[in-house]
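J.: This structure is in structure tokens; I'll ask about it shortly.
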Amino acid sequence: MNLPLPVILLILALTLTLATWGIGDLLAGWGQRRRLVARSELVTDTRSTLMGRFDSALRRTALGKALERRLVASGMKMRVSTLLVIMVGGGLSAIILIGQWVAPVFGLAAAIGVGFGVLSYVRRREERRKEEFIAQLPELARVLSNATHAGLVMRTAIEIAADELADPAGEELRKTADALRLGQSVEDALRDLGHRLPSRELGVLISTLVVSARAGGSLVTALRTIAGTLEERKETRREVKTIMGEAVVTNWAIGIMSILGVVMINLIQPGALRTMSENFIGQVILAVAAALFITGVFIISRITRIDV
């Protein structure tokens, strides 16, 4: 795919413009500290700008709703349209750049890989935020225990925990407290919290709070016991993650070294990679190598993904 230089520069300029707009929107979202102010600004932008209306229409589709849920769970202050622009811009850049080195079909494959890479990054942010929330659960259980021991009701205890704990626990508890102020029951609000950040540890804590609200019992003693248990599980998760970290790093290091080796061959002998990719045998070799790398990453991720 040998495009004229002006066409390449034009496409790169368009891609850079879209990416700059997306990154600027992302940084603006990160700078919003108050959630209610951010929500009001988003509503205003949705009504007054073309991109805002496009974002509103996109969020009404099935794909937009799924992406919005992932963004909310990951804690990324980004609109759905921004994520879509980044994926499209990255895909176009991959088609242009990779298409200059290898056959056009591999450029399309690279564009698809960029899309999966962006979604994988969002999923990784979601998992990291969930892990950070799980790490705060022992402190959350202690705050709720102290508040209920002082004679406060669960609604007030949740509001106190939302003020004292840092994000992401503080942000999620503020959502729960807002739901309670709007008239939602404690049981439903806690279950919504469990749906937003599903985990075994949070499920145990929510089940304890729900059962105590229904049947009574010594909630303070139960919360203190749960706090100690969650602290032990947090240490166990940290040890397992440290042990498995070497395998993950080794797997990615081998893959990156393989890619750098292919690039180095092309630099030593310019055009060798394109000549190889235009030959059927070369295409088979490259496809098999890529499949083996992806399979290795998948297997290692499954092996190191241990629930404790």
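The values are calculated or read from the model by the stated rules, or taken from the named source; none is laboratory data. The structure displayed is predicted, hence computed values, not measured ones. Glycine also receives a Cβ, built like all others from the backbone with ideal geometry; neighbour counts cover every protein chain displayed. In case anyone asks, the SASA skips ligands and DNA or RNA and just uses the protein heavy atoms, side chains included. Shrake-Rupley method; radii C 1.70, N 1.55, O 1.52, S 1.80 Å.
J.: Just to confirm, what accessible area per residue do you get for the range 56-102 at 1.4 Å probe, in whole Å²?
T.: For the range 56-102, the per-residue accessible area is 44 Å².
J.: Figure the gain on full extension for VAL263 and GLU131 (residue separation times 0.36 nm, minus the Cα-Cα span) and round it to one decimal in nm.
T.: Values: separation 132, 0.36 × 132 = 47.52 nm, distance 3.62 nm.
Going from the current span to full extension adds 43.9 nm.
J.: What is the percent carbon and sulfur in the accessible area of the range 130-199, measuring with a 1.4 Å probe over the protein chains and ignoring ligands?
T.: Details: 1620 of 3180 Å².
For the range 130-199, the apolar C and S fraction of the accessible surface comes to 51 percent.
J.: Here is a follow-up. Using the heavy atoms of the protein chains and a 1.4 angstrom probe, tell me the accessible area per residue for the range 186-272 in square angstrom. Each step should come with its number before you reach the end.
T.: Details: 5570 Å² over 87 residues.
For the range 186-272, the solvent-accessible area averages 64 Å² per residue.
J.: Leaving out ligands, DNA and RNA, and with a 1.4 Å probe, what % of the accessible surface on the range 261-308 is carbon or sulfur? Don't skip to the answer; put the middle values down first.
T.: Values: 2610 of 3520 Å².
Solvent-exposed carbon and sulfur of the range 261-308 make up 74 percent of the total.
J.: Looking at the range 212-308, which trypsin sites (Lys or Arg not before Pro) are DSSP coil and have at most 14 other C-beta atoms within 10 Å of their C-beta? The partial results should precede the final answer.
T.: Numbers: sites: ARG214, ARG224, ARG233, LYS234, ARG237, ARG238, LYS241, ARG274, ARG302, ARG305; in loops: ARG305.
Those satisfying the criteria are ARG305.
J.: Which entries of LYS77/LYS175; LYS175/LYS241; LYS77/LYS234 show an alpha-carbon separation above 25 angstrom in the structure shown?
T.: Working: LYS77/LYS175 15 Å; LYS175/LYS241 30 Å; LYS77/LYS234 27 Å.
Going by Cα-Cα distance, LYS175/LYS241; LYS77/LYS234 fall outside the 25 Å limit.
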